């Protein structure tokens, strides 16, 4: 592994877009390299650098390379070779490992996924000691004695402590490291029998070569395997989540449970709750506006600009080829508060002008659009200009939150152009609807009550 790391570092050292890097060895067959790039304006985008470095380092024979551009905020999940994670859990290890390998093989040919890999390392050479219990019983060797001998040989067993005037030292009993790496050393181990005689381990056990996992990962107290993946250029996380769920449903047995981890899990949870959150937000705004204006209709007029803002936000994401991630969801929520402000400024003026000047709804909203045009444009342009640096991607780690700026700028720009013309139209029609509802819901006075009132007036 060190030799392969050295070859990889030589390739990185010749790249002028890299400031420096740090290499470290994780275990016998895995290692990592942290690469520090030049500032954004002095090099290609980080995603392009990831693809280029992956292509360059993958040319080293015997080395598998998985590069990722880590997010500014890593959300949950265990560390993996790729950015997004899908975890499998099961009670039976053989079924779990076979299912994970089959799933990973199919996902490697499934768009828009790339760099599909797992944390399963089940090709580690191992030796299984199978005890011949009948022969061990004849020789007076118990399985517990064999276990103690293997534990003393291959694990650090503290037998005593040596105390000095300034320090203390643990006395550990084990095989020398060179013997621990040689399976033939098992034939040289002796077991103490019940009679005190030393019996060679090879007389009471057979040794079987095989392969197995270097470690068994657990999630929620169940054995697990994590399949990680990246996205192809232009791929969306929503499409990747749907593709993984579809392949998993067709591949995995019923005994295997699955769930996304880390960023993919947060994305999936946000998708499930976003619709309800938006509906609750709009409903609360409607209730508050209805109380303020004492009307069931005018709050609808104010909220008519929200669909245009949402369309503009999605259009801006489509034009810039960005996906609607968690930051984009935050931008959508922000749009609701910013866009309705423009309609409030017009509707509030129109209602007051209609009441004081006794003008028609069309005249009132026309006057409101003319008078409030300047403050509406001032506030909207200020919001767009303030969010524009985020949408362009200015500053450190700007790429991660760029979708927030794109959503706000696109939604505000489109809704501003449309709502200046559409909101007055909705106002006139909905004002007529409110007048019609008031005429048909108002009860006429009863005839008996009218006669009684008239009689009292004549009596006076």
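List of remarks:
- Normalised contact order of segment 124-212, rounded percent, pairs of Cα under 8 Å and 6 or more residues apart: 45 percent
- Förster-model FRET efficiency, 56 Å R0, residue 152 and residue 379, C-beta, rounded to 0.05: 0.10
- Across segment 286-324, the residues whose backbone nitrogen lies under 15 Å from the label position 7 Å along the beta-carbon direction of residue 441 are 287, 290-301.
- Globularity ratio of segment 1-139, using Cα Rg and 2.2 N^0.38 Å: 1.41
- Sorted ascending by nearby beta carbons within 10 Å, beginning with the fewest, 148, 402 become 148, 402.
- Axis of helix 237-251 versus longest Cα principal axis of the chain: the two differ by about 50°, to the nearest ten degrees.
- Sites residue 138 and residue 2, calculated FRET efficiency, Cβ-Cβ separation with R0 41 Å, nearest 0.05: 0.25
- Alpha carbon convex hull of segment 1-67, volume per residue in cubic angstrom: 75 Å³
- Cα centroids of segment 199-243 and segment 31-48: 30 Å apart.
- Alpha-carbon centroid distance for the pair segment 142-169 / segment 321-378, whole angstrom: 78 Å
- Based on DSSP H segments of at least four residues, each scored -39500 (n - 2.57), the chain has a per-residue ellipticity at 222 nm of -18000 deg cm²/dmol.
- Computed FRET value (nearest 0.05) for residue 195 with residue 400, which takes r as the C-beta separation and R₀ as 60 Å: 0.30
- Taking the fewest neighbouring Cβ atoms within 10 Å as the starting point, the ordered list for 236, 155 is 155, 236.
- Mean separation of Cα pairs under 8 Å and 6 or more residues apart, divided by the residue count, gives the chain a relative contact order of 15 percent.
- Structure-derived semi-axes √(5λ) of the Cα gyration tensor in Å: which label, when the choices are (1) 31, 29, 21; (2) 53, 22, 20; (3) 72, 30, 20: (3)
- Mean sequence separation of contacting Cα pairs (under 8 Å, at least six apart), scaled by the length of segment 1-61, corresponds to a relative contact order of 32 percent.
- Between residue 40 and residue 91, the contour length at 0.36 nm per residue exceeds the alpha carbon distance by 13.6 nm.
Rule-based calculations on the coordinates, nothing more; no lab input. Everything quoted here is computed from the prediction, not taken from an experiment. Because the Cβ atoms are built from the backbone with ideal geometry, glycine has one as well, and the counts that use them run over all protein chains shown.
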